[in-house]
Amino acid sequence: MLPINDNTINLAKYRGKISRCPHCTPERLLNDPNGRSCTTCLGHGFVAKCTNCDGTGLYKGSASAFGGGDVPHNSACNVCGATGFFAVRRPADWTDEAAPTTSASVSTPIPDASITPAVTV
């Protein structure tokens, strides 16, 4: 009797760098606090970069079966579904990086109230 191929993929093997979902903006979270409308992270808020395609969504391999030579062949990545990343849960040790603080006097100039923009008609 032949073994049955269950066609499962171990996604942990292809999990790259984990980051926040690029599509979950504050505006979207205000409209849908549960995040169920996001098809990218499926409401988890985090995505992992696919290491099978390096986050491009295209698997680059060889097509030696097509034409008899070693020809480069690009196809959709099977692991991430050609998106470049897949949804993951928030890691237990996740900490958000604080935005770098800069001095207001150095980074933003104070506008001069005496200067008014020219109006053209």
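Where a number appears in this text, it was derived from the coordinates with a stated rule and is not lab data. The structure presented is a predicted model; accordingly, all values stated were derived computationally and were not measured. Ideal geometry is used to build each Cβ from the backbone, glycine not excepted, and the neighbour counts take in all protein chains shown.
Stretched out straight at 0.36 nm per residue, the stretch from I9 to A76 would grow longer than its current Cα-Cα span by 22.6 nm. Summing Lys and Arg as +1 and Asp and Glu as -1 over all other residues whose Cβ lies under 12 Å from the Cβ of T51 gives a net charge of +3.
Packing-based ranking of 81-92, 7-18 yields 81-92, 7-18, ordered from highest to lowest mean Cβ neighbour count within 10 Å.
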